[in-house]
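Any read-out appearing in this document is the output of simple, stated calculations on the displayed coordinates, not a laboratory observation. Since this is a predicted model, take the numbers as computed values, not measurements. A quick note on method: Cβ atoms are made from the backbone with ideal geometry, for glycine too, and the neighbour counts reach across all protein chains shown.
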Amino acid sequence: MTFRKIVRTLASLKFAVAVILAIATLVAWGTIVEAQYMDAKMAQETVYHGLLSYLIFGLFAVNLTSVIIDRYPWKQHHIGFISAHIGILILLAGSLVTRYLGIDGSMTIDLGGKSKMITVPETDLVLYTSFGMDSFQKFHEQKVNFFSTPPTAKKPLKIPLASGDVIFDDFYHYALVDSKIVPSEEKTDPAGVRLQISNDRVNQTQWLLGKKNQPSILALGPATIVLTTQPYVYLGGNVLVLMPVDDDRIRYQVYSDRLQKKINEGEVKAGSQFDLGWMNLQFRLLKYIPRARQDITYMKREQASPEAVSAVRFTYNGKTQWLGLNSMVRLFGASEMYVLTYGNRQLPLSFEMELKNFDVGRYQGTMRAASYQSLVYLSDEDREVVISMNEPLQHKGFTFYQASFQEDAMGKPTATVLSVNYDPGRWIKYLGSLLIVFGAVHLFYRRWKKARGAYA
Amino acid sequence: MRSRNLLLALFFCVFASTAVQAEEFSMETLPVQNGGRLKPFDTYARETLTLMYGRSTYRPAEDKPAHDASKIVSTWMMVPEAWVAKPFVRVDHFGLKKALGFQEEQKFFSPEEILKSTRFGVILSELNSKRQLKEKLNPFDQAVQKLESQMGFFHEVRMGALRIAPSKDPAATTWLSVAELDATQKELFFNVLKDYSATFTLESVPPEVVQKSNASVAAFVASIRANNPVLYPDVKKMATELHYNQFAPFLKAAMLYGVAVLLMFFGLLFNRQYFATAAWVSTGLAFVLHTYGFALRVYLTERPPVSNMFETVIWVAWGTIVFTAWLSFVKKKKYILLSGTLVATLAMIVANSAPAILDSTLQPLEPVLRSNLWLIIHVMTITLSYAAFFLALGIGNVALFHVIRGAKVQSQEINDYVDTCYKSLQVGVVLLAAGTILGGVWADYSWGRFWGWDPKETWALIALLGYLALLHARLGGLIKNFGMLAGAIIAFNLVVMAWYGVNFVLGAGLHTYGFGAGGIEYVAAFVGLQLLYVVYAGLMVRRS
């Protein structure tokens, strides 16, 4: 008796109208958040997948369940009513399955390149410890969602290390990265040079920052520039070697691929130039910083933009710095070295995909893309398939959609972007949808018929 | 009924005879390549003049007759010097005029004075740096962007950048511009312009002058078609597009719907049957023209005509008339026709009167939209639901008009209004639910995401929830007749938001194909007036 009463209250139309309006208001707020930050992720994290959202949709489910129970024992004329309302419940259930068991990632493959990793929206902090030069071991891994729960000075995130904690205490949702080579106070820091290489067709200006105890190499097409403090051993190719002498002068050596030997050497200062001897190229040293370091600053933005990334601030060993999403930083302890990464999680596929070709069809006389498609090679089945807009590839439970592509300044495509999806909730959602539409039509049709009967 | 069918048949015969002609050449139908497709010079000229001047015809002074766009734009090529100092570049944005140091009340400016303004360069470089950072452009930036493209277009046309002939290189899909033509073909094109300009007299033009002009066009086409006959379009199709431009079926339909509204209004005032009959005839004619316009658009674009704001507004008006006819047939009540034609007229006027905001040009589609089946089903279903809600809005307005004039809210008469309104909402809810779900199916199929909380789909959902709340509130007796009628009017604001607001106000999300700017003051005025109307009617109900 009391159960029936509770059910009746929860099934009331008043409650239903209130919940429907609450959902409408909530999601409307979400679209405003999205417009304000120019970012769908912000709206998803803070509104659509927020706590309040779960609460209101939970009440909605309670209301729907109650109203179905309340009509028991069901009659034949309840078919439309029950179908529509159960359909919504099933649709909601399907959405939960998708959200918690599905994968919604993306995959970027360079033209001619291979990949087997999907990038998903979840982010991880990973620490590696170093054992000697290039051998690293994963030491700590932690799932973080700074986007919805950013670390603050009051509620920092700590990762304990032997020589003190790494403390994360600030987060920019959107920041522009600015990378500069600046003079360093540190005596042991390597040199930095800004150089220009030009002939009548090519003109390239680049920064080159040296490395501690090893040569720093910059490849510029058929030529290589090496900045080093150690004696250089020539192994072939067109090579320019730069060796800092003191705070003013750099010693240079030029090797020719054609002659397989050193063809020129001398000293150069900031502002002076010399001929390289290959392809009529001329070298000019624009700037020379004897002790330099890379200074990466993150400038906070209020809105998302294609250039902006999120970044987290941390302090370790008394040094405070910023770490951008999908980047890494080296940390130096008393005697040990760590690498800290913050990035989107990568999931491996059981097979590899290779981008063999990419075609863009354009509207006549314009650069507007009319259609595009990828030709990919599947390593496990040794076959090639075409993925195009609206024609996805289904393979091993995953579906690969042609999402977009990257192009160079000349408009030549350089990589394909596929969205990769695994959705165990799909058929549940489709079933729910079908029931909703069938139920609504049945419900209204029955009422219309009844009403017309009343006129007659 | 039979007379109506006869009328229909007659109309199609007339249209068919005007649309299909033998291959005739004229400057207006000369194909040009622009905006990713081939279009007749007339369309190009109208679009360009509308961009530059805000209208598709040019009027040198208030008391002078208007000139066709083709004539105006061809003179930009022939005698650009004559235009440089003429104030015909329209700038609307007050802030931009101020920034350029111009008079705010002035509407038109000459290319010369814009280029002379020292601040124009500074403003442009500011816009460029914003573009490089890929930041969101505010209305001021959009106004600058528009002025930039206005100046760019004028410069292009006068420098001979109009793409007019297929390339001789069989692999090249980009056409040659006037400046790139070889000497012979250039000469032929200058003949075309020269002979065309001979037809520019305001008095009646002798037929031999027109014939000479058309003959030059034919000679030019014969020469350039030989460059690459495969890429050269069917001139008949160009002629059909010219016919679509000149015949303006949607404008004529708008007027006839308006006539029907007036007739119905008098019919209700004087209660005479012949007014209603005349209104049906007018509506029928308008509907035929409306449908004919659609048919032309489908033929010209080779896709269903629901891919931008302009097309959906036209389509919703069409759907409203279909639902009006259906509900009138079921209920046999006159006020339904009045309500339906009222809102259809409103929609058609909006579509026809704001070319700068609702882009009526024929545009190629974005890649993801190029799957016609899903596009048809998903967009057409949702916009049809808007049509049903729009009709409910019309019925609500007409019913409240009666209430204001003293009808009792709980009377039999108003009960009937509410019943029709309710039915219209039911149809809308079913269509919107189905359309939203089909949108999910399409998104799942194309993007692998059934639901992604994209603002456009989210607002469609909000509108659906709003109407569902209304229907449930009515079912539970939470609202009575007045609440139902007021609700049908107020809830339409959700549709306005989903339909217009997401693209023009929020400006975010994946459905960016239809994004635009402008018109917000008119839409806000519409929303405000409707709210005031409801409040006023509510006060009248209170008083009685």
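Over all other residues within a Cβ to Cβ distance under 13 Å of residue A:345, the charged ones net out to -3, with Lys and Arg as +1 and Asp and Glu as -1.
Hydrodynamic analysis of the range A:345-428 uses the Kirkwood radius over alpha carbon pairs. Inserted into Stokes-Einstein at 20 °C and 1.002 mPa s, it gives a translational diffusion coefficient of 152 µm²/s.
If R0 is 41 Å, the Cβ-Cβ spacing of residue A:196 and residue B:118 corresponds to a FRET efficiency of close to 0.75. Pairs spanning more than 27 Å between alpha-carbon atoms, out of A:114/A:412; A:41/A:412; B:97/B:130: A:41/A:412. The helix-based estimate of mean residue ellipticity at 222 nm for chain A, built from -39,500 (n - 2.57) per DSSP H run of four or more residues and divided by its residue count, is -8500 deg cm²/dmol to the nearest 500.
Straight-line cross-link reach from residue A:138 at under 21 Å between alpha-carbon atoms covers these lysines, not counting any fewer than eight positions away in the same chain: A:116, A:158. For the range A:220-295, the Kirkwood radius over C-alpha pairs fed into Stokes-Einstein at 10 °C and 1.306 mPa s yields D = 122 µm² per second. At q = 0.20 Å⁻¹, what is the base-10 log of I(q)/I(0) for the range A:1-106 according to the Debye formula with one equal point scatterer per Cα and no solvent? Please give it to two decimals. One equal scatterer on each Cα of the range A:1-106 leads to -1.09. The residue list A:388, A:286, A:445 was ranked by how far each Cα lies along the charge dipole of chain A toward its positive end, using unit charges on Cβ atoms, and A:445 comes out on top. Which log10 I(q)/I(0) values, to two decimals, does the protein assembly as shown give at q = 0.06, 0.07, 0.09, 0.11 Å⁻¹ under the Debye formula with one point per Cα? With no solvent term, the Cα-only Debye profile gives -0.61, -0.81, -1.24, -1.55. Between the helical axis of B:69-78 and the longest alpha-carbon principal axis of chain B there is an angle of about 30 degrees. Using the charge dipole of the protein assembly as shown (Lys, Arg: +1 at Cβ; Asp, Glu: -1 at Cβ; taken about the Cα centre), state which of B:173, B:96, A:26 has its Cα farthest towards the positive end. Farthest towards the positive pole: A:26. Between residue A:317 and residue A:445, the simple label model (points 7 Å from Cα in the Cβ direction) yields a spacing of 7.4 nm.
The alpha-carbon atoms of chain B define a convex hull whose volume equals 190 cubic angstrom per residue.
Relative to the longest principal axis of the Cα atoms of chain A, helix A:79-101 runs at roughly 20 degrees. Here each label is just a point 7 Å from Cα along the line to Cβ, and for residue B:197 and residue B:183 those points are 2.2 nm apart. Across the cross-link table entries B:86/B:116; B:71/B:116; B:86/B:107, which are compared at the Cα atoms, the separations over 18 Å belong to B:71/B:116. Looking at the range A:299-360, the GluC sites (Glu not before Pro) that sit in a DSSP loop and have at most 12 other Cβ atoms within 10 Å of their own Cβ are A:302. Mean sequence separation of contacting Cα pairs (under 8 Å, at least six apart), scaled by the length of chain B, corresponds to a relative contact order of 12 percent.
Between residue A:326 and residue A:8, the FRET efficiency from the beta-carbon distance, with R0 = 41 Å, is close to 0.15.
With 0.36 nm allotted per residue and the present C-alpha distance subtracted, the residue B:419-residue B:222 stretch has 64.5 nm of extension available.
Taking label points 7 Å from Cα along the Cα-to-Cβ direction, residue B:441 and residue A:366 give a separation of 3.0 nm. Once the Cβ-Cβ distance of residue A:111 and residue B:169 is raised to the sixth power relative to R0 = 22 Å, the FRET efficiency obtained is 0.30. Using only Cα atoms, locate the centre of the range A:298-363 and the centre of the range A:182-249, then give the distance between them in Å, rounded to an integer. Each part's Cα centre sits 26 Å from the other's.
In chain B, the DSSP-assigned H stretches of four residues or longer account for a calculated mean residue ellipticity at 222 nm of -22500 deg cm²/dmol, using -39500 (n - 2.57) per stretch and the full residue count as denominator.
Gain on full extension, evaluated as 0.36 nm per residue between residue A:417 and residue A:302 minus their Cα-Cα distance, stands at 38.7 nm.
Extension gain for residue A:59-residue A:375 works out to 109.0 nm (0.36 nm per residue, less the C-alpha to C-alpha distance).
Can you give the angle from 0 to 90° between the axis of helix A:13-37 and the longest principal axis of chain A, with both taken from C-alpha atoms, to the nearest 10? Its long axis makes an angle of about 20 degrees.
The ranking of B:151, A:337, B:264 by Cβ neighbour count inside 10 Å, starting from the fewest, reads A:337, B:151, B:264.
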